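One structure below.
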Amino acid sequence: KMTERNEENPKKMPKMTLRGYYMALPNASHPKTDLINEIAIEAGVSHATVRNWVKYGMRPQNREHIEILVRKTGIPAEDLWED
């Protein structure tokens, strides 16, 4: 999980988005697939839906799904996607 940004100097740690988090996961041992599987199961949605959120920047309409993404990644809801 991502650590909190330094509020005194926000330039020290750039904002991490959901897509950035996903892309930063290593390719070895399938952590990207594991993340998608875990979110899909917990949210009760398809793997394709989760891929749309993490890879393509689509935002869930359901607030509960956003809360799941926050829990799984440690990224604040307001930082999950680029504006």
Discussion item. With +1 assigned to the C-beta of every Lys and Arg and -1 to the C-beta of every Asp and Glu, and no other charges, what is the dipole magnitude of the range 41-83 about the Cα centre in debye, to the nearest 20?
Written reply: 220 debye
Worksheet item: Between Asn62 and Met23, how many nm apart are label points set 7 Å from Cα along the C-beta direction?
Response: 2.8 nm
Discussion item. Taking a virtual spin label 7 Å from the Cα of Val70 along the C-beta vector, which residues in the range 34-63 bring their backbone nitrogen under 17 Å of it?
Written reply: 43, 59-63
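Every number in this text was worked out from the coordinates using simple rules, so none of it is lab data. Worth saying up front: this structure is predicted, and the values here are computed from it rather than measured. Heads up, the Cβs are rebuilt from the backbone with ideal geometry, glycines too, and the neighbour counts pull from every protein chain shown.
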